[in-house]
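Chemist: Just passing along the structure, written as structure tokens.
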Amino acid sequence: MTDFELSDALIPTLTTYAIPLAIGVVGIVLIVLLLRQLYQIWLAGQVRKNCNVEVPKGIRIGRSDGEEGIGNFTLHFPYWQFPKKDGTADQRHSNNKIYQPKSVLEVAGFSFKSDNPLTLYSFVLEMRNHGNAIGYSNMESFKRQRAVQRAKVRQSSTSVDAIVASFSSNPSEFEPFCADLYRHFGYRVAVTPSANDGGFDLKMTKNGRTYIVECKCFEPTHHVGLPLLRKLVGANAIQHAQGLIFITTSTYTSQAIKYAKESGIELIDGNALVRMCQQAWGNSLPQQSVNPSAFELTQNDLLAQIPEDMWHEFV
């Protein structure tokens, strides 16, 4: 018998064993997948029973080896293997790929993992709302520190010197302070990114009107002149807002005041700012604890940690 004839003779034998073996392997894989799915369903039932919440899609449940008590979680955000300075994909690399570490929550004897940090954090809030104790993440703790600091600044905003002193070590916090003040008066306010603010610091809306605002925390002896006001007017050539507002802790030159009247800019000087603070928060506020909702992470907080060219995957 030739080698060719031998090969032909083996084909039926190999086929006889290979097909059942392949079917068996596929069957085992399907059974394993089914058992895993059934285990997930059972765990979801245990979570529902013990924690009073439904586990959303996109979160995988497991058992935690940690001690039961106050839960903890860690948010991890996706990133490109080869990013540009802003975190988006560097198009010079054709084989660029996304690394997507899992965000993890451990609480009540369970572990929860997800590729989507927004999904996991939403689940954290749901767990807390149903009485499950979960500690603050690093991002929440940082936001809480800022909220506490802002509360202290509001409580001490009884004079121009006090306001200036509050921001002497961190001038960039003056813009969020002004944003909080205008929110008290019913405005919807967005703070522009400090690196690329487009010539203004706040964009606000109220009663269908839009406003752009420039905020400058200067020493009282520093006078705001024409160049800064002209810069705001120039920014509005692109924004087309109905109102322009300039806020400072100091005063304005006579030329700046004249230009503001001609250009329709509302000027808020240091004394006017103090009066607004008193109207909003009173002359002297007692020490108050910060409402926990003040340092909950917003969708914008979370998206800021994700490269912009990935946002469509998460919202």
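Chemist: Looking at THR221, HIS312, ASN138, which one has the Cα that reaches farthest to the positive end of the dipole of the chain (charges on Cβ: Lys, Arg +1; Asp, Glu -1)?
Modeler: Value computed over the given set: THR221.
Chemist: Further question on the same structure: Would you tally the net charge around GLY87, using a Cβ to Cβ cut-off of less than 13 Å, leaving GLY87 out, and scoring K and R as +1, D and E as -1?
Modeler: On the way: positive: LYS84, LYS85; negative: ASP86, ASP90, GLU308, ASP309.
Result for the local shell: -2.
Chemist: Need one value: the accessible area of HIS76 in square angstrom, 1.4 angstrom probe, rounded to the nearest 10.
Modeler: About 80 Å², rounded to the nearest 10.
Chemist: If you don't mind, there's one more thing I want to ask. What value in Å³ per residue do you get for the convex hull of the alpha-carbon atoms in the range 113-227?
Modeler: Spelled out: Cα convex hull of the range 113-227, divided by residues, is 183 Å³.
Chemist: Normalised by the residues of the range 82-147, what does the relative contact order come to in percent, with Cα pairs under 8 Å and at least six apart? The partial results should precede the final answer.
Modeler: Working: 44 pairs, mean separation 11.7, N = 66.
That works out to 18 percent.
Chemist: For a quick check, take a GNM of the chain with Cα springs below 10 Å and name the residue from ASP65, ASP161, ASP301 with the largest mean-square fluctuation.
Modeler: Among ASP65, ASP161, ASP301, the largest GNM mean-square fluctuation belongs to ASP65.
Chemist: Out of LEU75, LEU35, LEU105, any idea which swings most in a Gaussian network model of the chain, alpha carbons joined below 10 Å?
Modeler: LEU35
Chemist: Cα gyration tensor of the range 164-275, axes a ≥ b ≥ c as square roots of the eigenvalues: rounded (a/c below 1.5), prolate (a/b > b/c) or oblate?
Modeler: Taking the square roots of the gyration eigenvalues as a ≥ b ≥ c, the range 164-275 is rounded.
Chemist: Name all residues of the range 241-255 having a backbone nitrogen under 18 Å from the label point set 7 Å from the Cα of ASN207 along its Cα→Cβ direction, giving them as ranges.
Modeler: 241-245
Chemist: Run through the range 52-124 and list the trypsin sites (Lys or Arg not before Pro) located in a DSSP loop whose Cβ has at most 10 other Cβ atoms within 10 Å.
Modeler: LYS57, LYS85, ARG92, LYS97
Chemist: According to the Cα gyration tensor, what semi-axes, each the square root of 5 times an eigenvalue, does the equivalent ellipsoid of the range 185-245 have, listed from largest to smallest in whole Å?
Modeler: 20, 14, 12
Chemist: Sequence gap at least 6, Cα distance under 8 Å: using those rules, report the relative contact order of the range 160-315 to the nearest whole percent. Intermediate results must be reported in sequence, preceding the final value.
Modeler: Details: 200 pairs, mean separation 28.6, N = 156.
Relative contact order, the range 160-315: 18 percent.
Chemist: Here's a follow-up. Quick one: check the C-alpha center-to-center distance for the range 85-104 versus the range 112-186, whole angstrom.
Modeler: Here the two parts' Cα centres lie 29 Å apart.
Chemist: Express in % the proportion of alpha carbon pairs of the chain at distances exceeding 31 Å.
Modeler: When all Cα pairs of the chain are counted, 54 percent exceed 31 Å.
Chemist: Could you tell me the convex hull volume per residue, in Å³, taken over the Cα atoms of the range 233-315?
Modeler: 187 Å³
Chemist: Using Cα-Cα distances under 8 Å and only pairs 6 or more residues apart, what relative contact order does the chain have, in percent?
Modeler: 15 percent
Chemist: Could you list log10 I(q)/I(0) for the range 54-154 at q = 0.14 Å⁻¹, which the Debye formula gives when each Cα is one point scatterer?
Modeler: Here log10 of I(q) over I(0) equals -0.68.
Chemist: While we're here: What length, rounded to one decimal in nm, is gained on full extension from ALA133 through to LYS85, with 0.36 nm per residue of separation minus their alpha-carbon distance? Each step should come with its number before you reach the end.
Modeler: Numbers: separation 48, 0.36 × 48 = 17.28 nm, distance 3.78 nm.
Here the answer is 13.5 nm.
Chemist: Of GLN46, VAL148, VAL32, which is farthest on the positive side of the dipole of the chain, counting Cα position, with +1 on Lys and Arg Cβ, -1 on Asp and Glu Cβ, and the Cα centre as origin?
Modeler: Among GLN46, VAL148, VAL32, the one farthest towards the positive end of the dipole of the chain is VAL148.
Chemist: Roughly how many debye, to the nearest 20, is the charge dipole of the range 41-158 about its Cα centre, given +1 on each Lys and Arg Cβ, -1 on each Asp and Glu Cβ, and no other charges? Kindly include the intermediate steps, with their values, before the conclusion.
Modeler: Numbers: 18 positive and 10 negative charges, 102 e Å.
Value, rounded to 20: 500 debye.
Chemist: Another question, if that's okay. With +1 on each Lys and Arg Cβ and -1 on each Asp and Glu Cβ, how big is the dipole of the range 191-268 about its Cα centre, in debye rounded to the nearest 20?
Modeler: It works out to roughly 200 debye.
Chemist: For VAL53, what charge total do you get from the other residues with a beta carbon under 11 Å from its beta carbon, if Lys and Arg give +1 and Asp and Glu give -1?
Modeler: +1
The values are calculated or read from the model by the stated rules, or taken from the named source; none is laboratory data. What you are looking at is a predicted structure, and each value in this text was computed from that prediction instead of being measured. Note: ideal-geometry Cβ built from the backbone for every residue, glycine included; neighbour counts use all protein chains shown. The protein model used for the area step is the full one, side chains on, heavy atoms only, and it has no ligands, DNA or RNA in it. Shrake-Rupley method; radii C 1.70, N 1.55, O 1.52, S 1.80 Å.
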